[in-house]
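**Q** Could you have a look at this structure, given as structure tokens, before my questions?
Just so it is clear, none of the values below were taken in a lab; they were calculated from the coordinates. Computed from a prediction, not measured in an experiment: that's the story for all the values here. Positions of Cβ are backbone-derived with ideal geometry, glycine not excepted, and every protein chain shown enters the neighbour counts.
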Amino acid sequence: MRKFLPVKPYQVLPLTVSLLCALLLALTQGCRKAERPPEAPPAAEQPSAPAVEPPVAERSVSASALQEDIFPAHLACDDNPHTRWSSPAADPQWLLIDMGRAATICGFTILWETAYSSEYAIEVSSDGAQWKPVYRQRKGTGQTAHINIRPVSARYVRLTGYKRGTGWGHSIWEFDVKGLSDAIIVQADTAKDSDPLNLVDGDLETVWVSGAPGPTSVTLDLRKPREFGGLRFDWGDRYPDTVKVHVSKDGTEWALADEITEGTGVFDIVMDRSTTARFLRIEMQPHTEGPIDVKEITLRGKDDMLTPFARYEIAAEKSKPGVYPEQLHRRQVYWTLVGLPSDRQESLLDEYGNLEPTAKACALMPYLYINGKLRSALDAPQLSQALENHVLPLPSVAWRFDDVGLDISALTWGTTADSVTFVQYRVSNPSGAPVQGRLMLAVRPFQINPTWQHGGLSPIRSLEFAEEAERTQVKVNDQLTFVVLGKTDDAGVRAFDRGDVAVELAQGTVPSDPKLDRSSDDLLSGAMAFDFSLQPGESRAVIVAAPLHGELRALDSFVQGGDGQALAPADAFNQRLGEMRDYWTRQMSPVTFELPAREVSDTAKSQVAYILINQDGIAIQPGSRNYKRSWMRDGSLTSAGLLRMGMFSTVKAYLDWYAARVQPDGWVPPILNNDGTINEGFGWDNEYDSQGQFVFAIMEYYRFTKDREFLEKHFDAVHRALKYLVALREKTLAPDYLANEPGRERFAGILPPSISHEGYSPAMHSYWDDFFALKGWKDGREAALLLGREDVAEWAQQQYELLRQSVKDSINATIAFKKIGYIPGCAEKGDMDATSTTIAFFPCDEDDLLPETELLYTYQIYYDDVVRRLDPSWSAGYTPYEIRNLSAFVGLGRPDRAHFLLDYIMSCRRPPAWNHLGEVVLSDPRMGSYIGDMPHTWVGSGFINSVRNLLVREKDGKLLLLRGIRDSWVTDGEGVVLRDAPTYFGKLNLTAKSSDKKSLRVELRGDYDVPEGIELYWPPQRGKPSRVTINGTEWTRFDDKVCRISGKVQGVIEAEWAEE
């Protein structure tokens, strides 16, 4: 991380009292005594005292740090809105401008990049040592910020971003310092103990008070025509009932731009489109008798228009948390999947119990109304989530109050052609007194995925609640979206008008219209009410169905009992829930995998179910919304995880499907759409890791199944993929390849630049690609030998050796050229990316290629970084792909660090009981920033592979057992239990248990035959046993770390450690 120190102090001319008084007088000329402002204000007065405009030519800019060298500080002040400064993803960060000499500063304009600061402050200084705060923003929203302050003289300006608004850093396209020529002139009838400049001083702690009770107006002269996207008014205690805003370019001809009626105070935003004007006249009528208080009037950026989403944000900001979706407060919410294996539609249930039935659909949101108050999930003293049997993808959410509980449970029923998601809302009375109230279910035009997840609004133009045959049908945009299995007690629809159905919910009612159809209005919302009157211990259940394909067949079968009679909805739900428990138990895995650290084994097992639900048809894909397509990268490693959990048929179908799309020239498409067509999105023709990954996946399936027919079927595709690798490498072997590039030896003989694992843009020479290519050559040779293709095997061995030497030389050359002490991620940058380097350990088995000193330092740097994350002041993010690094730490002989990392990542499951992770984890769990799909099953497959490798690992023809366990895994509970666990060498049954730390009993059974033998590792820190027996017979082939036994041994291994 590059740091810049503040510049040295210099002598500056202070802003004198007389000069400041003259400036303030000019900006508020004649304002206090006027009974009413004139219809057209006079031309702007010029200040009577001299003032210095902020210089441009003499300024210099520095920053706390850079994201990369291509985003230097000065680009934020170069008058080019297409270049930017960008910081690392950490808080705080600062940007400092030295103007070269003192100037009068009256404000700032900040053009934020997508990575904005949600909390930031601006300070000024005359000497670079003593700083004066002039502006503070605690609710920044990015885009363009027009900031006005009271005039001040200073040479230095420092913007400090205290909190990022996204998971990225702080980034600014342009930061402009305004001089006196940009200062707004205010004309307003003002109370004598107030100040007109309070209206535009950037300070919410100062308040302008109108001069007399009754109607009043304010005129602002912007000094020149400006384009802006509306006005924000922050009101004091005495706010107006009506506001009219007139605009003018010349102060003579005026036009009404917008108005507010029936004001509600706090704040308001007016004008829903970009406007250009110099003069603004604001006419206000008080809400009550007396004057009007205004804290601030702020110009909004030209792009900050009142979109439908922005209107919702205003309503949410004026309401208590929980009434509106949390994304409107830019707060992250977490969710899980509800669905069936291979279905092309899945539902999302969030941590509060809100449901999104299908991708891009509206949301169904629960509330309770009791004793005259509306309650949401955020009001619940206890809020929890769970999965059935701790691992099954049948999620639930529980709200707990003293007087009432609400349990929300979800399941999907049917076939992949007619599936329906069912949700049960059960209200119960745990108290000792009767309780009455209403369960309210709101239908809202929002997805569970927020805007920063490419979700947000889901327009509702028509909405209807219709009673039909003891059911209530809910049609959204003329499509059947929800069906209540029973009747509602009330239901209605409304259009958005400074609020949605929350207006009625707050009163315990619903809108009066059961149906609205407004093709021009995207913001309809509605609600259903269900009354309850419960004695202690009683409950009422409401069942809502969401047809995922528009079909009702599964709905009808859901409520049909075994005798053909209809079941009561609650009884039907409970019966089907039991059946789905049995179904998912059968579906998930034939492998028994239990640890005393149950949360670890449960999390691993749940990934299997999530992978199956994320599948669309045959296609294995990492997500159900943003990642609804199939990468060979994700698919190969996810297949590896499924194979280790015994899910052979799923992997076979997927690889058959993908292999059929390997091109005639051997190119393996990196990404396929789930209909089998080639995805032509970002990087589609510039990712080269898929070549080796495809060969690895084919051979990995063979190694677990010994399916020779499968291998023969796909050997031609394997061969073509390897030939394509040769063509790729030949590009970098050309004599003139990057001939003028310094240190060109870094690039010779390795694969050409690619975006690789989508880690580089622009493309780089990524060692990730090379590691997988090496794995492809080894596995291609193995396949050729198995099929008697000695010629291909010999060729593959030669190509492997050539590429391996080139990769080794390149890495060493990059280390020398970049003067670094760690393993680089790519040849150009010499960047450190431990999580990318880890694939050299697993699955590529090329860690011995890497220079030892630099390898150890790489993982020391990484470990130190993870330790820093435990500091409460740490403010950044990471990706749980880092779970792969367990294999690196174990390979380096540091299982203690592997478990430190495992514990850390386990603590980042959100929420923990749902056993999954997103693609990104942020230090602030409520920061509204992109986190990928949840559950993200490429991350999930990494969890399976990495945890399994702690227990069982195939390497160099050996079976390594218990290599990465922690001592408590064998001392606590029942110890380690594996049954029917597939390996390269056959099925394995293993139990490992210590009655104390002086003994260990391991039992091995199965049909395995390990050619190079089994290595059984002792629990960490125990040292060399004093005695080892196998089936009661003394054994001597052991040391302080491992016991070496025959690859066919079955039975009991017992070890004892002598008392110290």
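**Q** First select every other residue whose beta carbon is under 11 angstrom from the beta carbon of residue 905; then total the charges, Lys and Arg +1, Asp and Glu -1.
**A** Details: positive: 869, 884, 909; negative: 882, 903.
Charge balance near residue 905 sits at +1.
**Q** Along the Cα→Cβ direction, 7 angstrom out, place labels at residue 136 and residue 598. What is the inter-label distance in nm?
**A** My value for the distance between the label points is 4.8 nm.
**Q** Rg (Å, one decimal) plus Dmax (Å, integer) for the alpha carbons of region 203-242?
**A** When restricted to the Cα atoms of region 203-242, Rg and Dmax are 12.7, 33 Å.
**Q** Could you pull out every residue, at least 5 positions away or on a different chain, whose amide H is within less than 5 Å of the one on residue 1027? Hs are placed 1.01 Å off N in the peptide plane, and Pro or chain starts have none.
**A** Amide H to amide H, under 5 Å and 5 or more residues apart or across chains, residue 1027 pairs with 1056.
**Q** Note the direction-averaged projected area, equal to a quarter of the hull surface, for the Cα convex hull of region 927-983, in nm². Don't jump to the answer; show the numbers that get you there.
**A** Details: hull surface 26.0 nm².
Result: 6.5 nm².
**Q** List, in order, the whole-Hz ³J(HN,Hα) value for each residue of region 745-753 obtained from phi through the Karplus relation with A = 6.51, B = -1.76, C = 1.60 and θ = phi - 60°; use x for Gly and Pro.
**A** 4, 5, 9, 6, x, 9, 5, x, x
**Q** Shifting gears a bit: Taking the Cβ of each residue in 82, 170 as the centre, tally the other Cβ atoms inside 10 Å and list the residues starting with the fewest.
**A** On the way: 82 8, 170 34.
The order, fewest Cβ neighbours first, is 82, 170.
**Q** Using every pair of alpha-carbon atoms in region 730-846, split the distances into 5 Å bins beginning at 0 and state the percent of pairs per bin, rounded to integers.
**A** Calculated P(r), rounded to whole percents: 2, 12, 20, 23, 19, 12, 7, 3, 1, 0.
**Q** What dipole magnitude, in Debye to the nearest 20, does the chain give about its Cα centre under +1 on Lys/Arg Cβ and -1 on Asp/Glu Cβ? Each step should come with its number before you reach the end.
**A** Working: 115 positive and 146 negative charges, 274 e Å.
Dipole about the Cα centre, nearest 20: 1320 debye.
**Q** While we're here: Where the centroid of each part is defined by its Cα atoms, how far is region 150-226 from region 442-511 in Å?
**A** 41 Å
**Q** Hey, what do the phi angles of region 536-546 turn into as Karplus ³J(HN,Hα) couplings, whole Hz, using 6.51/-1.76/1.60 and θ = phi - 60°, x for Gly and Pro?
**A** x, x, 8, 8, 10, 10, 10, 10, 10, 10, 10
**Q** Restricted to Cα positions, what overall size does region 447-540 have along the principal axes? Three whole-Å values, descending.
**A** For region 447-540, the Cα extents along the three principal axes come out at 44, 30, 25 Å.
**Q** Would you mind ranking 362, 908 by Cβ crowding within 10 Å, fewest neighbours first?
**A** Working: 362 29, 908 17.
Sorted ascending by nearby Cβ count, the order is 908, 362.
**Q** Further question on the same structure: With N set to the residue count of region 666-814, report its C-alpha Rg divided by 2.2 N^0.38 Å to two decimal places. Mind dumping the intermediate values first?
**A** Details: Rg = 15.8 Å, N = 149, 2.2 N^0.38 = 14.7 Å.
Taking the Cα Rg and dividing by 2.2 N^0.38 Å, one obtains 1.07.
**Q** Let me ask another. Suppose a student asked you for the relative contact order of region 592-950, using Cα pairs under 8 Å spaced at least 6 residues apart; what percent would you report? All intermediate terms of the calculation are to be shown ahead of the outcome.
**A** Values: 575 pairs, mean separation 63.9, N = 359.
18 percent.
**Q** Roughly how compact is region 555-695, stated as its Cα Rg over 2.2 N^0.38 Å to two decimals?
**A** Normalised Rg, Cα atoms only: 1.33.
**Q** Mind jotting down a quarter of the surface of the convex hull over the alpha carbons of region 204-306, in square nanometres, one decimal?
**A** Working: hull surface 24.9 nm².
Quarter of the Cα hull surface area: 6.2 nm².
**Q** Among 114, 285, 314, flag the residue with its Cα farthest along the positive direction of the charge dipole of the chain, charges on Cβ as +1 for Lys/Arg and -1 for Asp/Glu.
**A** The residue sitting most towards the positive pole is 114.
**Q** I've got another one for you. Rule-of-thumb check for region 328-588: C-alpha Rg over 2.2 N^0.38 Å? Mind showing how you got there, number by number?
**A** Numbers: Rg = 17.5 Å, N = 261, 2.2 N^0.38 = 18.2 Å.
Normalised by 2.2 N^0.38 Å, the Cα Rg of region 328-588 equals 0.96.
**Q** For region 588-667, taking Cα atoms only, what is the radius of gyration to one decimal and the Dmax to the nearest whole Å?
**A** Calculated on Cα positions, Rg and Dmax stand at 14.0, 50 Å.
**Q** A further question follows. Compute the Rg to Rh ratio over region 488-545 from the alpha carbon atoms, using the Kirkwood formula for Rh, and round to two decimal places. Intermediate values should be presented prior to the final figure.
**A** Details: Rg = 14.1 Å, Rh = 13.0 Å.
Using Cα coordinates only, the ratio equals 1.08.
**Q** Which one, 450, 508, 541, projects farthest toward the positive side of the charge dipole computed for region 437-558 from Cβ point charges (K/R +1, D/E -1)?
**A** Comparing the listed Cα positions along the dipole, 450 ranks first.
**Q** Can you give me the orientation-averaged projected area of the convex hull built on the Cα atoms of region 956-1056, in nm²? Present the calculation step by step, with values, prior to reporting the outcome.
**A** Numbers: hull surface 23.1 nm².
Its Cα hull, projected and averaged over all orientations, spans 5.8 nm².
**Q** Mind listing P(r) for region 592-950? All alpha-carbon pairs, 20 Å bins, whole percents.
**A** Over region 592-950, the share of Cα pairs per 20 Å bin runs 30, 61, 9, 0 percent.
**Q** Using the beta-carbon distance between residue 373 and residue 809 and R0 = 60 Å, what value does 1/(1 + (r/R0)^6) give for FRET efficiency, to the nearest 0.05? The partial results should precede the final answer.
**A** Details: r = 71 Å, r/R0 = 1.19.
Efficiency computed from Cβ-Cβ geometry: 0.25.
**Q** Separate question: Which whole-number percentage describes the relative contact order of the chain, with Cα contacts under 8 Å and a sequence gap of 6 or more?
**A** Details: 2584 pairs, mean separation 78.0, N = 1060.
Here the relative contact order equals 7 percent.
**Q** Compute the Kirkwood hydrodynamic radius of the chain, taking the inverse of the mean of 1/r over all pairs of distinct Cα atoms, and give it in Å to one decimal. Provide the component values of the computation, followed by the final result.
**A** Details: mean 1/r = 0.0306 Å⁻¹.
Radius from the Kirkwood sum: 32.7 Å.
**Q** For helix 598-614, report the angle its Cα long axis makes with the longest principal axis of the Cα atoms of the chain; keep it between 0 and 90° and round to the nearest 10°.
**A** 80 degrees
**Q** Something else: Two decimals is fine: what's Rg over Rh for region 116-241, C-alpha atoms, Kirkwood radius as Rh?
**A** On the way: Rg = 16.4 Å, Rh = 16.6 Å.
Reported Rg/Rh, Kirkwood definition of Rh: 0.99.
**Q** So which GluC sites (Glu not before Pro) in region 437-539 are both in a DSSP loop and have at most 16 other Cβ atoms within 10 Å of their Cβ?
**A** Details: sites: 464, 467, 468, 470, 504, 538; in loops: 470, 538.
For GluC sites (Glu not before Pro) across region 437-539 that sit outside H, G, I, E and B with at most 16 neighbouring Cβ atoms in 10 Å, the list reads 470, 538.
**Q** Work out the charge dipole of the chain with +1 on the Cβ of Lys and Arg and -1 on the Cβ of Asp and Glu about the Cα centre, then indicate which of 157, 639, 934 is farthest towards its positive end.
**A** Towards the positive end, the residue furthest out is 157.
**Q** Report the calculated FRET efficiency for residue 386 and residue 797 (r = Cβ-Cβ distance, R0 = 41 Å), to the nearest 0.05.
**A** Working: r = 53 Å, r/R0 = 1.29.
Computed FRET efficiency for residue 386 and residue 797 comes out at 0.20.
**Q** Please rank 314, 811, 620, 172, fewest neighbouring Cβ atoms within 10 Å first, as an exposure proxy. Present the calculation step by step, with values, prior to reporting the outcome.
**A** On the way: 314 18, 811 22, 620 30, 172 25.
In order of increasing Cβ crowding within 10 Å: 314, 811, 172, 620.
**Q** Computed over the Cα atoms of region 307-425, what is the ratio Rg over Rh, Rh following Kirkwood? Intermediate results must be reported in sequence, preceding the final value.
**A** Working: Rg = 15.5 Å, Rh = 15.6 Å.
Result for region 307-425 is an Rg/Rh of 1.00.
**Q** Run the helix sum for the chain: -39,500 (n - 2.57) per DSSP H stretch of 4+ residues, divided by residue count, reported at 222 nm to the nearest 500 deg cm²/dmol.
**A** Working: 18 runs with 244 residues, N = 1060.
Only helices count here, giving -7500 deg cm²/dmol.
**Q** When only Cα pairs under 8 Å and 6 or more residues apart are kept, what is the percent relative contact order across region 204-306? Numbers along the way, then the final one.
**A** Details: 277 pairs, mean separation 47.3, N = 103.
Value for region 204-306: 46 percent.
**Q** Right, another one. How large is the charge dipole for region 956-1056, taken about the Cα centre, if only the Cβ atoms of Lys, Arg (+1) and Asp, Glu (-1) carry charge, to the nearest 20 debye?
**A** On the way: 17 positive and 16 negative charges, 30 e Å.
The calculation lands at about 140 debye.
**Q** If you scale each eigenvalue of the Cα gyration tensor by 5 and take the root, what three semi-axes come out for region 39-182, rounded to whole angstrom and sorted largest first? If you can, show how the numbers build up before the last one.
**A** Values: eigenvalues 139, 57, 40 Å².
The three semi-axes for region 39-182 are 26, 17, 14 Å.
**Q** Which loop trypsin sites (Lys or Arg not before Pro) in region 986-1060, with loop taken from DSSP, have no more than 15 other Cβ atoms within 10 angstrom of their Cβ? Don't skip to the answer; put the middle values down first.
**A** Numbers: sites: 987, 993, 997, 998, 1001, 1005, 1022, 1027, 1037, 1041, 1044, 1048; in loops: 997, 998, 1022, 1037, 1041, 1048.
Here the trypsin sites (Lys or Arg not before Pro) that fit, given the DSSP loop and packing criteria, are 997, 998, 1037, 1041, 1048.
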